[in-house]
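Only one structure is covered here, and it is reproduced in the block below.
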């Protein structure tokens, strides 16, 4: 059975995965820019795929047993480090689904990725999760793509389609006015030309032909229609964050299965704070319906972390600069900022509380001031002069 245990790499803390028996397990990775969060995701990915040249860091070690039934990458960052070029790895038995930005992708790239996944028949579990996402986001995974295809293809375009055994598709499209409507929804993919269904070609061939036209820059998108609050809308009116969260998670929900490994890089990109917390809520909802899945999320967002369910998740800060006393208890966003992002917010309650506790310890003539160490660490992070002066005076008296 597929199991992840721990990650070790040079100059980084050992990362251990949460043991959850057969339930899905979540690992959140935080740290400064450049500390290697995305690199860890990439190294995990290339552990399971034989790339040419070999890309996995030789100092990186992933302890695991078995193999995942599927690996899903999810990255909407401008520079997608998880975009594994399929030309440069040997095809293994593990299924790979890549969700997100790719070289040459445009505003509607995710919707065309959805077209590929939605064409497959969904099982009951996948369909149920999509209904939950639909309810939470008030959006429906139904899209109509209105486009214009070339009527007079160039010789170069004809040769490109023939190389891919798509000559029939190009000939059919070329013999029309080129006005195409593509209807996609989970479990459905259909193409209409001049209001007549194009059902003489297999679905796989239609999808490949549409995607090849798009990658060749010969499919001009005129409009994409969607559904919000049960009303038809122009998808251009949605924010990039809304499109990313809704379509990305819908693709994930359509493709995930038991024993999957899901690698997610900076999901908060372009998301409103409310949608960042919704993202975490939804990935826990997705994982609840599948057995033994591992979600590994690299993030800069305290709000993404704040929604994590501790029973099923672990969080590691690669650049941890603060060590709290073991018996110091506090929850909330300020503790998340300090623990996982090494950041002191203005007028931070925890800083004030620690200063008071340390001062009280001195007044009580407690020679073993357990707060002395944390105050020394806090001093380098606080920005207000009043806090620095208070900490300095307490440390001086603690000598």
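The values are calculated or read from the model by the stated rules, or taken from the named source; none is laboratory data. Owing to the predicted nature of the structure, the values given are computational and were not obtained by experimental measurement. Don't worry about glycine lacking a Cβ; one is built from the backbone with ideal geometry, like all the others, and counts go over all protein chains shown.
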Q. Taking into account only those residues within the range 143-156 that are more than 32 Å from the chain's Cα centre (by Cα) and crowded, with 18+ Cβ neighbours inside 10 Å, which is farthest from residue 190 (Cα to Cα)?
A. 153
Q | Output for the range 6-59, where each listed residue is out of contact with any strand residue (DSSP E or B) (no Cβ under 6 Å at 6 or more places or on another chain), crowded, with 16+ Cβ neighbours inside 10 Å, under 29 Å from residue 303 (Cβ atoms) and without any contact (Cβ under 8 Å) to a residue 60 or more places away in the chain | A | 9, 39, 42, 43
(Q) Given the criteria in a helix (DSSP H, G or I), within 13 Å of the chain's Cα centre (by Cα) and closer than 30 Å to residue 144 by Cβ, does residue 280 qualify? (A) no
Q: Kindly list, by first and then second residue, each pair from a residue in the range 277-304 that is at positive phi to a residue that is surrounded by fewer than 24 Cβ atoms within 10 Å (Cβ to Cβ) and in a loop (DSSP other than H, G, I, E, B), limited to pairs with Cβ atoms under 9 Å and residues at least 6 apart or on different chains.
A: 292/1; 292/2; 292/20; 292/21; 292/22; 292/23; 292/258; 292/259
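Determine if the range 192-202 includes at least one residue that is more than 13 Å from residue 216 (Cβ to Cβ), surrounded by fewer than 19 Cβ atoms within 10 Å (Cβ to Cβ) and touching a residue at least 40 places away in the same chain (Cβ under 8 Å). Before the answer, list the steps.
Quick first cut of the range 192-202, residues more than 13 Å from residue 216 (Cβ to Cβ) only: 192-202.
Those still in the list that are surrounded by fewer than 19 Cβ atoms within 10 Å (Cβ to Cβ) too: 192-197, 199-202.
Subset that is touching a residue at least 40 places away in the same chain (Cβ under 8 Å): none.
Within the range 192-202 (the criterion being more than 13 Å from residue 216 (Cβ to Cβ), surrounded by fewer than 19 Cβ atoms within 10 Å (Cβ to Cβ) and touching a residue at least 40 places away in the same chain (Cβ under 8 Å)), the answer is no, since none of the residues qualifies.
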**Q.** Test for residue 250: is it within 14 Å of the chain's Cα centre (by Cα), in a helix (DSSP H, G or I) and closer than 18 Å to residue 336 by Cα
**A.** no
Q | Boolean, residue 298 is closer than 20 Å to residue 80 by Cα, outside the structural domain of residue 81 (by the TED database) and buried (at least 22 other Cβ atoms within 10 Å of the Cβ) | A | no
Q: Being modelled with pLDDT under 80 and over 18 Å from residue 81 (Cα atoms) is the filter; apply it to the range 103-114 and report the residue that is surrounded by the most Cβ atoms within 10 Å (Cβ to Cβ).
A: 108
Q) Looking at residue 330, is it assigned to a helix (DSSP H, G or I), surrounded by fewer than 20 Cβ atoms within 10 Å (Cβ to Cβ) and at pLDDT below 75? A) no
Q. If a residue has to be touching a helix residue (DSSP H, G or I) at 6+ places or on another chain (Cβ under 9 Å) and more than 15 Å from residue 219 (Cα to Cα) to count, how many in the range 172-185 make the cut?
A. 2
